[in-house]
Every structure is written in structure tokens, then in C-alpha cells.
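Asks: Have a look at this one before I ask anything.
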Amino acid sequence: MSNFIGIRHEDKYKLERRAPLTPKHVARLVKQKKLDIIVQTSEKRVFSDEEYILAGAKIAKDLKKCSVIFGVKEMPESFFEPEKTYVFFAHVVKGQPYNMDMLRQMMKMKCNLIEYEKVVDEQGKRLIFFGRYAGMAGMINSLWALGLRLKEAGYSSTLVKLKQAHHYHSLNEAKDDVSAIGQLIAENGIPHELRPFVIGFTGYGNVSQGAQEIIGLLPVKEISPAKLLDLHRRKKLPDNIVYKVIFKEEDLFEHVDGEPFDLHDYYSNPHYYRSKFEKYIPYLSMLINCVYWDKRYPRLVTKQYLKKLFARGEPRLTVIGDISCDVEGAVECTLKPTEIDDPVFVYDPDTEQITMGYKGDGMLIMAVDILPAELPRDSSDGFADVLVNFVKPIADADFNEHYDDLDLPKPIKKALVLHKGEFTPEYKYMEEYLK
């Protein structure tokens, strides 16, 4: 059982200002659950030390007194202490090589590791996540980047009124700006040369839903992928509508032998499938990529295809918001993740090189890999709304017991990757990654 619960200061990224638990949630844990909470002091966290003090927490330079520590992002190897419990996004369950040394150190220290990413319900659906806020920040950023790109091309666009997400004090403030732009589009229309303006969304999960929530503040009409191919043949179209297309797996991929698409088979045997997304790309004005990808799956936008697309002249597609941000993944021209203070680059299909910023020949890519951190107050609040329900059971658990006897909520026990420095049964496969 834990005497003190710790909330760690985030230091992986310069502009990482989120917290796993907000002052509002800390007050609830202190007053209702009678927990002692220590918050590591931070000058950059979106919630001040004073807010946590008013909530009933103690502020300290370190968390030496705490046996359970909550964070957001990865922690440095020097931070871990023997036999303590750490709860954070460790990014180790796929054998990510850049975090294996961190994992080895936790094993050496006989630590317990609870991975947020693996806290799921009976259907395998994630319970604690920032994805919706990644989608919203990514969509705001992509519209902002589009405004810059259109201005560079000589178009007068209402989007120049928009700011990058992290410059807003709150999500509501950002939404107000997007809504105002939507009103201007409804009243004044879209430049003839840009019509029909079509935004494609790959994926339909939490990230995509967050992005669509933002685009829903514009005058939007949703059409199917099939209707997208016919849209450009129509002679008369409204001049003040933004079209939205959501691409699901069956729209994006096909069996190499021409057999009917089968979703279960696709995820079980992705090597039998290839992308058919290229037939839609010429009709998109903006692409928002929200799909999960790893090297087993086909790519959606390849370097080779972009070279062919640009060889035919300046394409309609102006911006790719790669919210998933898998380096050289589904969007192969995402050559690197970008930082909040340097969020976009232009990819030149001929040279296959990138230039940071929004100027130059090629495709503009937005690929910030910690997008929820651009909306730190709102994203922390939404995240903590779920996490707060698990804090007391984690604090009360006796991690010295045998794994089978651990008294933890089922979703938390399923997310326990390390117990006393050893892989729990569900994660024994990870031993291969450490060899």
C-alpha cells in the first residue's frame, strides 16, 4: 500500500505542459479518497504549483517519498528507484528500441510498470487516452498550415486568422476562431480555383473523431469515397461548402488476388493486401491521416506516387496533416516528427528532401508528435477524468503479493507490464526484444 502518490514533472519535451492529474482531480482524491499526494514542482506545467497546493497536495523538488508515481511521457533511467510503481506512457510494448534501455533499468530496479496504452475494457477498447485531443490539435494546426500555404500561393484566405493550437489559452478559444472562419466561408464562399475543397480523413477512431469535431465547425458536407470520384464531374457545386470524406479500411485497401475485402483477414494477414488509396488522392485538397500503422501494413501515400503526382503539375492536395506521425509510415514522406515550435515542413518529391517551414516546392506536412500537449489544460482534464477512478485502487494495492493475488481493477492488471521487475504473463513476448 502506498503512503504517498507522486505526480511527476514532464521533461522529455521542452513544450510538454500536460499533467496526468489536474488540481481538480487531486482535490477529489485528497478530500474524498484521503490520499496524500506530492506534486513535483514545475515552472512550465500548465497548472501552477499554487493550484495544486490549494487542492490539498504537497509540492516537492523530488518524489523520493512516493511509492507510486504518475507521469505522462517516458522517464529518464536515472529517475527510477527500487521497487516503486510507475504509471505512464512507456512506449515499450511493441519493442520500441529507443526505450529498451529504460525498460532494462526498470527491470533492474524491480519496478512495477503500468502502461496507459494497455488499459482497456473487455472489448480491447482503450480507456485512458489523449487521442481525441491529438485529433483536435492536429486539425487546428493543419488548417493553420493550410492558411499559410494558400497565402504563399497568392490566395486570400480566411484561414490566416487562425493560430497554431498551442497559442490558444483553451480549446474553446480555438473553436471560437474556427467557428468564425466557418461563418466567413458560409458568407463569402471559397475561391473558385480551390473548389470543390475536399478534406479526406483516414481512420475513424478517437483521433479522427477529434479532428472531425474541429472541421465540423466549418460548413461541412460529408460524402462517401465513391461520390468523391464523381464530385469533380459535376458542373454546379455550392461555393461555400467544405466536403468531408472518411476512408475506412475497405476504402483504402484491396486483396492482391481480387478477393472481397475482409476486415478480420486484413488485420490477420496484411501482406495479402495493397493500398488502393492512390485513386482518391488527386481529388483531395487536404489529407488528415489518423490510422494506426506498422511495417506489416501497406502505405497510403508513397514517395514514388508523390513523384508521379507532382510530375503532372501542381496537385490539388495542398497539406497533409499526419496526426498519426509514423516516420516513413502510412505517409512515407513524413521523414521526421516535428516539434511544437517548428511544426511543419515541405517535402520535395524530386529530391526526397525536406525544408522546415511552409515555403518551397512540394507537399506541406504537419507532423507534430505530441499534439495533445498543444492543448495541455483541456487534454489533461479529459485524461484525468478517467484516470482518477483508478488512482485509489493502485495506491491501495500491495505489489509485494504474487501476480495472481494482486487486488487491482481488471483493466489495470491487464496493463501491468512489469511486476517486481519481471514481465507479467501477457507480456512475456517482450523478452525477445531485450535479446
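Asks: What fraction of the DSSP beta bridges in the chain is antiparallel, stated in percent and rounded to the nearest 5?
Replies: On the way: 17 of 56 bridges.
Antiparallel bridges make up about 30 percent of those DSSP assigns within the chain.
Asks: If you line up the long axis of helix 206-215 against the longest principal axis of the chain, both from Cα atoms, how many degrees apart are they, to the nearest 10?
Replies: Computed tilt is about 50 degrees.
Asks: Considering only Cα-Cα distances, which of the following residue pairs are longer than 29 Å: Lys24/Lys94; Lys14/Lys34; Lys12/Lys392?
Replies: Checking Cα-Cα distances, Lys24/Lys94; Lys14/Lys34 exceed 29 Å.
Asks: Let me ask something else. Placing +1 at every Lys and Arg Cβ and -1 at every Asp and Glu Cβ, with all other atoms neutral, what dipole size does region 131-374 have around its Cα centre, in debye to the nearest 20?
Replies: On the way: 28 positive and 34 negative charges, 178 e Å.
Charge dipole, region 131-374, about its Cα centre: 860 debye, nearest 20.
Asks: Note down the magnitude of the dipole of the chain about its Cα centre, charges +1 on Lys and Arg C-beta and -1 on Asp and Glu C-beta and zero elsewhere, to the nearest 20 debye. The partial results should precede the final answer.
Replies: On the way: 61 positive and 65 negative charges, 136 e Å.
Here the chain has a charge dipole of around 660 debye.
Asks: Cβ neighbours within 10 Å, averaged per peptide: list 76-83, 50-57 in order, most packed at the top.
Replies: 50-57, 76-83
Asks: Distance between Cα centroids, region 300-333 to region 395-435: provide it in whole Å.
Replies: Centre-to-centre (Cα) distance: 41 Å.
Asks: For the chain, what does -39500 (n - 2.57) per DSSP helix run (n ≥ 4), summed and divided by total residues, give at 222 nm, in deg cm²/dmol to the nearest 500?
Replies: That comes out to -8500 deg cm²/dmol.
Asks: For region 229-275 and region 31-98, what is the centre-to-centre distance using only Cα atoms, to the nearest Å?
Replies: So the two Cα centres are separated by 43 Å.
Throughout, read-outs are computed from the coordinates displayed, never taken from laboratory work. Just so you know, these numbers come straight off a predicted model, no measurement behind them. Neighbour counts run over all protein chains shown; Cβ positions are idealised from the backbone, glycine included.
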